[in-house]
1. Evaluate peptide A:3-10: per residue, the Cβ atoms of other protein chains within 10 Å of its Cβ; return the mean as an integer.
2. Mind listing the phi-derived Karplus ³J(HN,Hα) values for region B:53-63, rounded to whole Hz, using 6.51, -1.76 and 1.60 with θ = phi - 60°, and x for any glycine or proline?
3. Which of the lysines could a cross-linker span from B:LYS170 if the Cα-Cα distance has to be under 22 Å and same-chain partners fewer than 8 positions apart are dropped?
4. Can you compute the FRET efficiency between A:ALA226 and B:ALA124 using 1/(1 + (r/R0)^6), with r the Cβ-Cβ distance and R0 = 60 Å? Round to the nearest 0.05.
5. Can you give the net charge of the other residues whose Cβ lies under 14 Å from the Cβ of A:VAL158, counting K and R as +1 and D and E as -1?
6. So, in nm, how far is label A:ILE209 from label A:GLU51 when the simple model puts each one 7 Å beyond its Cα toward the Cβ?
7. Distance in nm between label sites at A:ALA36 and B:ARG23, each 7 Å beyond Cα in the beta-carbon direction?
8. Take A:THR192 and A:ALA67, extend 7 Å from each Cα along the Cα→Cβ direction, and tell me the distance between the two endpoints in nm.
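The values are calculated or read from the model by the stated rules, or taken from the named source; none is laboratory data. Just so you know, these numbers come straight off a predicted model, no measurement behind them. Glycine also receives a Cβ, built like all others from the backbone with ideal geometry; neighbour counts cover every protein chain displayed. With ligands, DNA and RNA removed, areas are computed over all heavy atoms of the protein, side chains included. Shrake-Rupley method; radii C 1.70, N 1.55, O 1.52, S 1.80 Å.
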Amino acid sequence: MTERDQLAAEYALGLLEGEDLLAGRGLMAAEPEFAAMVAFWEGRLAPLLDEIGGAVPDEALWARIVAEIEAVPGGEVVSLKARVRFWQRAAAGAAMAAVGSVALLVLQPASTPAPTALPGPLVASIPIGDTPLRLGVTYLPDRKEMLVSASGLTADGVHDHELWLVPPEGELRSLGVVVPGREASMALDSETAALIRDGAQMVLTREPIGGKPDGQAAGPVVAEGAFATI
Amino acid sequence: MTAADTARERLKGAMVRLAAGDRAALEEVYRATSVKLFGICYRILGDRKEAEDALQDVYVNLWRRADRFDPERASPISWLAVFARNRAIDRLRSGRVQREAAPLEAAAEVADAAPLAEAMLIDAERTARVHHCLGQLEGYQRDNIRAAFFDGRTYAELAEAGGVPLGTMKSWIRRGMQRLKTCLEGAE
């Protein structure tokens, strides 16, 4: 196996963490060949999942799922776009062609832009002061998920650092407290996610342990950087 | 057509309708698969509450992005099972979960399994193949690969549990995966 194949196997098996995991996620988004290799492993190992017995979730869970689907602002737009993509692909198959064109007609008046490809990840590498350390931030628009890698940083026991998104207007939006030495993944709400684009600025501030206390001004800015497409 | 075939086709149909935005289809998929998928999330996360959050995440994401399922290429239950496992592992790696490993407790509670989902799962040939190929590995390779797959262990966790250096664990698993791949591709 090439090194790339090896990483795909490790990614599919779920062995990775830290920078290797970030690298794997980046390749999943950017390289169809890598994604296909991961899919090979997933498909071949899938029968093993049959060994895991079922379990009955709480009865209220279905209601929670419905509530979450209905609560998300813009959720309909997201699902509409997904639907358009689905039908575009489905329309290529003969069996689906008729249904597909009907669905596209129905969707057209909603003036949903038909995306041709999934948006790729955005990354930022934020140098910390005059040290050689960098904070790595990756945003996966596809999943509205942000990965913050602070693997080189160590905690001083007195301060935490908080990452902020600087929107074109309005207040800074907290992207959370950076955990030194760790790679953290977080889901972003749709409103914050919508503000992240190529060139979007971020700042890192020094705060008391636990992050900026409510009602107080943010601490001093110790680093800054911007998202860029890769 | 056997009962399992019928169930598989019904689920496939529901997945296609789901991708077209049919909310009733989502409930149908949930009713048919949630016991199986919850078992998977529970096994990996080892905590009921976390597993329920993961399961919620699975179906909400399924609704938003049902177009990712390609009915021409994958068996729906196997695709959903992989999807659930991946979401559970993402959750584990996000650092939000403080896991107390409890897979045995989880297994005991739910030994009755989900016969419906089981009967629908994947083709027999692939099932036999992966078991055969795992059987070709050395015991220490197989055990660690299984622990990664079923319990979501990382290299570091496996090395610690096995009392071997990280580099040793990596080379064990890498060689095991290499051999597994050759076998799965049918060259052995």
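1. Details: counts 0, 0, 3, 6, 0, 2, 8, 7.
Mean shielding by partner chains, rounded to a whole number: 3.
2. 4, 5, 5, 4, 4, 4, 6, 5, 5, 4, 5
3. B:LYS181
4. Values: r = 53 Å, r/R0 = 0.88.
It comes out at approximately 0.70.
5. -2
6. 4.3
7. Result for the modelled spin labels: 4.0 nm.
8. Between A:THR192 and A:ALA67, the label points sit 2.2 nm apart.
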